[in-house]
Amino acid sequence: MSSDHVRNTDAMQSSPRCGARTRGGAICRAPAMHGKARCRMHGGARRSGAPRGNQNARTHGMFASDGIAERRQVRDLLDDAWKLLGELK
């Protein structure tokens, strides 16, 4: 590459930046994807993120509504048992 060649980098340098925080706490300096606020590495890429109806993110087990209702029934049953024991003494 010859030394008299001038690069036109104005468009690259004036493009909007990502703005996400890196692990070190600094702001990401990568250019944002077209029409997005983040770069390709921070969620601006097409089809990035969780898919619709993501089964990995569903609530299950201890925090599901039926699990909460079951624990509430057990707690009410135990409260009634403790009240009955208190009346018998």
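Legend: calculated FRET efficiency, Ser65 to Glu87, from the Cβ-Cβ distance at R0 = 30 Å, rounded to 0.05, equals 0.35.
Listed values for segment 27-35 are Karplus-derived 3J(HN,Hα) couplings in whole Hz (6.51 cos²θ - 1.76 cosθ + 1.60, θ = phi - 60°), namely 8, 5, 9, 6, x, 6, 5, 4, x, and x replaces Gly and Pro.
Give the calculated FRET efficiency between Arg17 and Asn54 to the nearest 0.05, with a Förster radius of 25 Å applied to their Cβ-Cβ distance. Walk me through the numbers before you get to the answer.
On the way: r = 29 Å, r/R0 = 1.17.
Once the sixth-power term is evaluated, E becomes 0.30.
Based on Cβ point charges of +1 for Lys and Arg and -1 for Asp and Glu, what charge dipole magnitude is obtained for the chain about its Cα centre, in debye rounded to the nearest 20?
Values: 17 positive and 8 negative charges, 105 e Å.
About 500 debye.
Counting only protein heavy atoms and a probe of 1.4 Å, the accessible surface of the chain is 53% carbon and sulfur. Note the angle between two axes, namely the Cα long axis of helix 65-88 and the longest principal axis of the Cα atoms of the chain, as a number of degrees from 0 to 90, rounded to the nearest 10. Once rounded, one gets 30 degrees. Of Val74, His42, Ser15, which is farthest towards the positive pole of the chain's charge dipole, taken about the Cα centre with +1 and -1 on the beta-carbons of Lys, Arg and Asp, Glu respectively? Result: Ser15. Using every alpha carbon pair in the chain, what percent of pairs falls into each 5 Å bin from 0 up to the bin containing the largest distance? Using 5 Å bins, I get a P(r) of 3, 11, 9, 9, 9, 8, 8, 7, 6, 6, 5, 5, 4, 3, 2, 1, 1, 1, 1, 0, 0 for the chain. Ignoring everything except DSSP H segments at least 4 long, calculate the 222 nm mean residue ellipticity for the chain; use -39,500 (n - 2.57) per segment, divide by total residues, nearest 500. It comes out at -10500 deg cm²/dmol, rounded to the nearest 500. Under 5 Å between amide hydrogens, built in the peptide plane, is the criterion, and for Arg17 it picks out Ala32 among residues at least 5 positions away or on other chains. Solvent-accessible surface of the chain, taken per residue with a 1.4 Å probe and all protein chains present: 96 Å².
The values are calculated or read from the model by the stated rules, or taken from the named source; none is laboratory data. The structure presented is a predicted model; accordingly, all values stated were derived computationally and were not measured. Don't worry about glycine lacking a Cβ; one is built from the backbone with ideal geometry, like all the others, and counts go over all protein chains shown. Protein only, heavy atoms only, side chains kept; ligands, DNA and RNA dropped before computing areas. Shrake-Rupley method; radii C 1.70, N 1.55, O 1.52, S 1.80 Å.
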